[in-house]
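In what follows, a structure is listed as structure tokens, so that the remarks can point back to it.
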Amino acid sequence: EEAVDLMKAISGLKTIVSNVNLPNAGQAAFMPIDGIVETNCVFTKGSARPMNASVSSPALAGLLQRACQNIDALWEGIKARDIKAIYAAFVAEPLCANLTLHDSKSLFIEMVNNTRECLEPYYDLSKLDDILNSIPYGI
């Protein structure tokens, strides 16, 4: 996005504020420490310092925490190459809240099939239906 300006700032030619994804070191006190958060940073000579962020309500903080926890669960599933864990993170997304279990599984299978050539080097998808059908209601 602003790569040239950020490099100039790190080199000491200017100061710039930009958003980046960094581990939470406390700049987002309402989010888990070490979770990756998108945060504003001040870029100056030799440093990128995250700026503190706040939320306007506990309800908003709860929504953000849920999103962060779900992304962490998805990442753990990806690292473990665990299709069940990835599906559990998928179905926990707020946009899937109104889907039936059948519909969420169908959509997930469709998404996997549409990206199969990218996924097959990393996942055994030969029994995808069986894997997903073994997931109990209420995950």
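Of all beta bridges that DSSP places with both ends in the chain, some 90 percent have antiparallel geometry. In region 28-138, taking the dipole from charged Cβ atoms about the Cα centre, the farthest positive-side position among 29, 64, 133 is held by 29. Computed with a 1.4 Å probe over protein heavy atoms only, the accessible surface of the chain comes to 66 Å² per residue.
So for the chain, what percent of the C-alpha to C-alpha distances run longer than 20 Å? More than 20 Å apart: 60 percent of the Cα pairs in the chain. Ranking 112, 55 by solvent-accessible area of protein heavy atoms (1.4 Å probe, all protein chains present), from largest to smallest, gives 55, 112.
Of the solvent-accessible surface of the chain, computed with a 1.4 Å probe over protein heavy atoms with every protein chain present, carbon and sulfur atoms account for 57 percent.
The values are calculated or read from the model by the stated rules, or taken from the named source; none is laboratory data. Keep in mind that this is a model prediction, so the values were computed, not measured. Heads up, the Cβs are rebuilt from the backbone with ideal geometry, glycines too, and the neighbour counts pull from every protein chain shown. Remember, those area values only see protein heavy atoms, side chains included, never the ligands or the DNA or RNA. Shrake-Rupley method; radii C 1.70, N 1.55, O 1.52, S 1.80 Å.
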